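Scroll down for the structure; my scribbles are underneath it.
What follows is calculated from the coordinates using simple rules that are stated; it is not laboratory data. In this text the structure is predicted, and so the values were computed from the model without any measurement. Cβ sites come from the backbone with ideal geometry, for glycine too, and all protein chains shown count toward neighbours.
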Amino acid sequence: QVQLVESGGGLVQAGGSLRLSCAASGSGFSAYTMGWFRQAPGKQRELVASITSLGSRNYVDSVKGRFTISRDNAKKMQYLQMNSLKPEDTAVYYCNAALLLYGYWGRGTQVIVSS
C-alpha cells in the first residue's frame, strides 16, 4: 500500500510559478505510474500529467509547454513544476499512484491563480 501527501499549493498571480510535491510512503514506489490530477469547482477530476516507471511522460494539451512532471524514486517523491500559470489552472491538485488494478490518492493541495 502507498500513502501520498501533497504540498506546495498556494495563491499565485497569473504568469507565476508553483512547484507541487508528492511524498510517498510504502513499498514499490518505483514500479508505480505516478500522476497529477486536478479538480476545479463544478468540474470533473482530470488527469494533468503522468510519468511511468520508465520515465515516459504524458500531459493534457492545456498544460503542454508549461508544466513538467518528474519523479525521484530514491526519495519516493513526485513533482509538478507549473510555469506560466493561468486562472483556469485553479483547482485542487491530487497526487496519484497506479499499478495494475491498484490506485492510491493523496488528499490534494489547493492552487489558486489570480488574474
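Numbers at a glance
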read-out	value
Value of relative contact order over the chain, rounded to a whole percent, pairs C-alpha under 8 Å and six or more apart	36 percent
Neighbour cut-off at most 16 other Cβ (10 Å), DSSP loop, trypsin sites (Lys or Arg not before Pro), segment 35-101	Lys43, Arg45, Lys64, Arg66, Lys75
Pairwise label distance in nanometres, Ala98 with Ser17, each label 7 Å out on the Cα-Cβ vector	2.8 nm
Listed residues Leu18, Leu99, Leu80, most fluctuating in the chain (Gaussian network, C-alpha, under 10 Å)	Leu99
Over the chain: Kirkwood hydrodynamic radius from C-alpha pairwise inverse distances, Å	14.0 Å
Estimated translational D of segment 15-70 in µm²/s (Stokes, Kirkwood radius over Cα pairs; 25 °C; 0.890 mPa s)	192 µm²/s
Among Ala24, Ala49, Ala98, residue whose mean-square fluctuation peaks in a GNM of the chain (springs only between Cα atoms under 10 Å)	Ala98
Calculated FRET value between Ser27 and Gln81, using beta carbons and R₀ = 22 Å, to 0.05	0.25
Antiparallel DSSP beta bridges within the chain, percent to nearest 5	90 percent
Highest-fluctuation residue, Gln39, Gln13, Gln78 considered, GNM on the chain with Cα pairs under 10 Å	Gln13
